[in-house]
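In what follows, a structure is listed as structure tokens, so that the remarks can point back to it.
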Amino acid sequence: MGSCENMRGRWRRGSSGSLMSGIGLLLFSLAQSTSAQAHCPIGGGPRDLTQPKYQGDMAEDTGVGFMSAIVQSFLSTVQPNHFPEDLILKLVRDLDQVQSDPDTIKAVLHYEIGFLVCLAIGILYIVLMPLVGFFLACCRCCGNCGGEMYQKQTSGVHCHRRALYWSAFITTLIILAGNICMFRSNEDFRVNVNQSVMELSNTLDNLQTYLTSVPQQIDLVVNESCRTVNEVAGNLNAIGPQLGKEIQVGFQGPLDPALDSVRNVDQEVNDTSDRLGELTSSLARLQSSADLLQANLSTVRNNINQTLSNRSCVGCSSLKAELGELTVDVSVAIPGLSSFQSAVEDIIEADLKSKIEAGEDYYNTIPQRVTNDTKDVVQRTKVQLEDIKRQMSQVSSDLPLAALTNVSDSLVQLERDISTHVPEVKRAEYIRWAVCVVLCCIVLVVVVCNILGLLLGPLGLKPKADPTERSSTANCGGTFLMMSAGFSFLFSWLFMVAVVLLFLLGGNVYMLVCQPWHSGALLKFIDTPGLIPEFELGPMLGLKTNLTFTDIYSDCEQNRPLWSTLHLHELVNLEELLNVSKYTEEMKQHFESTDIVLSSITLLSPEVQNRLSSLSSVSRHVDFNTVTQQINNISSINFNATARRLDQLADVQPDREIQAELRAEAADLRRIQANMDTSIVPQVQKLNSTIQRLRAVAEKINGTVGEVLSKVGAAQDFLDTNATQIVKTESRQFLDCQLGYFTAYADWANMTITRQVGRCGPVARAVKSAEVVICSYMVESLNAFWFSLGWCVMFFIPSIILTIKLAKYYRRMDSSDVYSNHIAMNHIPRAHIRPY
């Protein structure tokens, strides 16, 4: 297939038969209908719409997932109710009235009942723990509640000690596990805060890239329309080379063979003229040489005649009859040659070369004539192309791109504000981290005291030793256990205050924000009509239908384009903007009303054709056989036989003078024969060669002339009957080709705008990133910390009980109880016992 840019025909040099010319003429109309799109250029085509590159996606969780399942299960147990859409909606719409509505307050309390129960437990803990610690301290100072340094010895004392030891050990391990979780969740919170700043920056950059790319993509579509218009305008500027070449291609089939055949016959006629010139020149030279030889031969013949006429010559009379044969006749007559030569001269006079040049000039000037004849329609079409360009540019003005620009500016300002407050956020985060580290370390002090007590107590304890004589190591272990209980009483209620506050904050944020956000209930709630006053996305964009955040988010999750996501078909009539049919119809009318006039041409006039026919007829009547016979007769002349007869006659002569004359005359004949062999015979051979070549050319002319007349006649008929149709057909194809550019562009633009422009996946990823930052990074880290701290605080209670009870088994007593053979002794006071 050809193309509009590659419409370049070439002359085909070659002689095809009249049969092929006839077949080409019969199939031309069919070829025109089946190749209507064969010459439309396959241009570069619209460029593919490249999607922008975004920063890497955020991970779902980075460290607190080990606690999320436990915390979420606990919060689900505390708060099993569903997301309170109606209750929150009442609170949002009329908070002042709701505050005085007992039913609403009751509903709020009912929803928060789980948190209220936990709050009550926490408050009870906060109140009772320092009170219990205070009364216990006072009681011990008074020597009661274990303050008396006396331990009753029973048979199960060791079992009790072991049971208390392992219970305290397990409790300590549980508190240590919670403390480890505190350290880890605190460090994860710090890491997540730093990572959240980076992720927030990446998210804003992605949104900025997305908002910037949408106008750029629209501009690309509009620029493609300009490129299409410019390409069509360029094709119209080159209509001569493009359309003209296609018309030339349509003429090549019959015109090339015709001109080639005329060129061949012209060459053959010129060759024939050259052969005739050579024949005339050869005959003239041969006649001149023959005349000179004939003069010499006449002299020798006269001398021989005189010698033979001498009376003294014996038997000479017999040779006088042969003297008439001593002649050189080289006259060559070719029947019909003069008529043939006249016909050749008539053809040369007709100047076939000028006819060929006229046909080639007619062919080669077609592009220029197309350019000249279509100058006006091209100019009018260019004006319409500018109108098309203006119509296409309305796509960018009709789409709501200004809103995207405003949002983009807001994001830029937001990013600047965030970068301004980042140092403050990092400073506050460092303070939070340090405070949490202090809390973790205080809990760790309790754990360390327990561990030291559990380690030193058994190491220094001798089961059979008297309680008043326990080692300093065991006594130190008991002291560490009492320190653990003291620290627990001192700080646990403060820890519970932190747990309660963080629990109320983190738990409610998770249940009211994170959980419904993850399930999609939060977006559905935001879509509630009237929730956000005077905010309806559909009417704001001028749409008939109202858009919901849920639908938009769902479409963006599937990375759908803005056209379908925002229902822009209600705002922009894309079919109308991309409809250029009114312009194309006008283009068609302009082209159809324009006539590309190709002047008629006569390849060979009737006179020239008659001369060619005459040449063909005359060439058949040239008798070259007679000429060949004449040349053979000239070649058969031989004077040596007569010379031998003279020598024989001289041998029998009695008269020496006559004998010498006869021998001299025989030598003269031999010299004439030798001269004839060296001059006449080569010329005769050359003449024969010239005649044979002339004969071959003359025989060929007959067939060549017939081919010329056949092909020229077919070409002339073709041009006379089909030239106008070819011009119309090729013009229509050229126009359809140009209009095809607009059709292809309209289809591409429609597909691009409705399927590719503004794929809003980055918006969904931004929402997902916000959820990860707020919930996975912040809320879950916070919940993991207060859950771990609450875990430790709640196990402080059994730890206090166990450590206080276990400490008495390791501390040195002031008095002892002797237990032997099941006989219990009264208290035996010891003197000089160091007080504890």
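The values are calculated or read from the model by the stated rules, or taken from the named source; none is laboratory data. None of the values given here were measured: they were computed from a predicted structure. Reconstructed Cβ throughout: ideal geometry from the backbone, glycine too, with neighbour counts over all protein chains shown. All accessible areas refer to the heavy atoms of the entire protein, side chains included, with ligands and DNA or RNA removed. Shrake-Rupley method; radii C 1.70, N 1.55, O 1.52, S 1.80 Å.
Quick notes
- Calculated FRET efficiency for the pair HIS82/ILE105, C-beta based, R₀ 22 Å, to 0.05: 0.65
- As a fraction of the 1.4 Å probe accessible area of the stretch 650-782, surface on carbon and sulfur atoms comes out at 52 percent.
- Computed over protein heavy atoms with a 1.4 Å probe, the accessible surface of the stretch 689-751 works out to 39 Å² per residue.
- Once the C-beta distance of CYS441 and THR212 is scaled by a Förster radius of 51 Å, the resulting FRET efficiency is 0.55 to the nearest 0.05.
- Distant-in-sequence amide contacts of LEU547, defined by a placed amide H-H separation under 5 Å and a gap of 5 or more residues or a different chain, comprise LEU537, GLY538.
- Point-to-point label distance, THR602-CYS159, nm (Cα→Cβ direction, 7 Å offset): 14.4
- Note that the stretch 765-778 has calculated 3J(HN,Hα) couplings of 5, 5, 5, 5, 5, 4, 5, 5, 5, 6, 8, 5, 7, 8 Hz, one per residue in order, obtained from phi through the Karplus relation 6.51 cos²θ - 1.76 cosθ + 1.60 (θ = phi - 60°); glycine and proline are x.
- Extension gain, ARG693 back to GLN306 (0.36 nm per residue minus Cα-Cα distance, nm): 134.7 nm
- Taking 0.36 nm per residue of separation and subtracting the Cα-Cα distance, full extension of the segment from ILE431 to ARG380 would add 10.7 nm.
- Cβ-Cβ distance of GLN589 and THR50, R₀ of 45 Å, FRET efficiency by 1/(1 + (r/R0)^6): the value works out to about 0.70.
- Rounded to the nearest whole Hz, the Karplus-based 3J(HN,Hα) values (6.51 cos²θ - 1.76 cosθ + 1.60, θ = phi - 60°) of the stretch 714-722 follow the sequence 5, 5, 5, 4, 4, 5, 5, 9, 10, with x at glycine and proline.
- With a simple spin-label model that places each label point 7 Å from the Cα along the Cα-to-Cβ direction, the separation between LYS686 and ALA521 comes to 12.2 nm.
- HN-Hα J in Hz across the stretch 263-279 - Karplus 6.51, -1.76, 1.60, θ = phi - 60°, x for Gly and Pro: 5, 5, 5, 5, 5, 5, 5, 5, 4, 5, 4, 5, 5, 5, x, 4, 5
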